[in-house]
Every structure is written in C-alpha cells, then in structure tokens.
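Here the structure comes first, spelled out in structure tokens, and everything after it is commentary.
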Amino acid sequence: MTTLTSIAAMTTPDARAAFGTLLQQHAGIVFKIAGSYARGAEDRADLAQEIAAQLWHAWPKYDPARSFSTWMYRIALNVAIGHLRQQELRRRHDAVPLDDALHDVADANAPDPEQAQHLRLLQGFIARQPPLDRALLLLYLDDRPQREIAEILGISESNVSTKIGRLKQRIRDAF
C-alpha cells in the first residue's frame with residue numbers, strides 16, 4: 001500500500017491527506033483492476049502504481065460532489081485499458097510470454113478446491129474479453145448499479161444492460 005500513497009507526497013499536506021485517505025479506503029479498486037489487466041506480480045504492481053500516479057495527476061480536477069469510487073474506476077479503467085493496449089503492441093514484437101495459468105499452484109489454504117477452480121475459470125474468461133467487456137464485467141461483479149457503470153464507461157444504461165445480458169450468455173456458453 002505504501003507504493004500507492006507515495007505518489008501523494010508531491011503537494012500540500014491537506015491535499016496529500018485527503019487523497020491518501022480516499023486512496024487507502026478504495027485501494028481494492030486499484031488492485032482489482034491491476035489484477036485483471038496485468039500479468040505477473042511485477043506487472044500488476046507497475047500498473048497499480050501507474051493508476052495511482054494518474055489518479056494523483058487528475059486529483060485537482062476531482063469534483064467532491066461526485067462519487068470518488070466512480071471517478072476512481074473511470075480513471076483506473078482508462079489507465080488499465082491503455083496499459084493493455086501497450087502490452088499488446090509489445091507482444092506483437094516480442095517473444096511469446098509464458099502462460100501464467102499453466103504455472104498456477106493450487107492454494108493449500110483454499111477452503112474449497114472446486115470453488116477455487118471455478119474462480120480461476122471465471123478469471124480466465126474475464127482475461128480473454130475485450131477491454132470494454134472486461135471493465136463491464138468487473139464493475140458488474142462489484143455490484144455497481146447500471147447507472148454508475150454507464151457513467152464510468154461512458155455508455156448508455158440501456159447499452160450496459162444489453163452488454164451485461166450478452167456477457168452472461170457468453171459465460172453460460174463457455175461453462
């Protein structure tokens with residue numbers, strides 16, 4: 001968590017404190033998005049740091065009348081999608097990376113191995129989706145209202161509803 005708030009050391013104490021507090025309260029959003037859009041622990045940490053940096057950069061424009069988590073999701077998802085696009089460009093020019101899923105080790109502390117397997121399958125399904133659908137799934141699974149999802153993604157509520165229905169069908173077809 002220290003790396004996420006270290007970026008806040010760049011301005012006035014009041015601004016740092018307000019930003020740091022909000023970032024700490026909503027750090028799960030950053031880690032959830034970084035975990036969904038980046039491969040490997042180092043890449044996830046880099047993406048989380050980049051998200052925090054972009055949040056800090058946008059902080060002066062934050063309107064406190066709006067939900068911080070909605071604002072945070074919007075910025076974090078835009079950074080993650082940009083990161084994903086950069087990764088795709090690099091992959092086209094580099095060697096094929098190892099498939100992390102082939103090297104997963106079963107968690108001995110997992111309460112239910114079957115449930116853990118279902119979770120890995122769902123995470124794999126989400127990882128294979130286009131960036132907008134991946135963002136939509138993350139927000140939907142986080143129980144965000146359709147209105148908020150629409151605002152974060154910049155699409156209409158009816159489009160959110162339609163896309164969620166299609167994604168649910170793709171999940172049923174996949175499993």
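Computed from the coordinates by the stated procedures, all read-outs in this text should not be read as laboratory data. Note that this is a predicted model, so its numbers are computed, not measured. FYI the Cβ positions are ideal-geometry reconstructions off the backbone, even for glycines, and counts take in every protein chain you see.
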Shape call, the range 22-79: gyration tensor on alpha carbons, a/c limit 1.5: prolate
Cβ-derived FRET efficiency at R0 35 Å, N159 paired with E114, nearest 0.05: 0.50
At most 11 other Cβ within 10 Å, DSSP loop - trypsin sites (Lys or Arg not before Pro), the range 52-91: R66
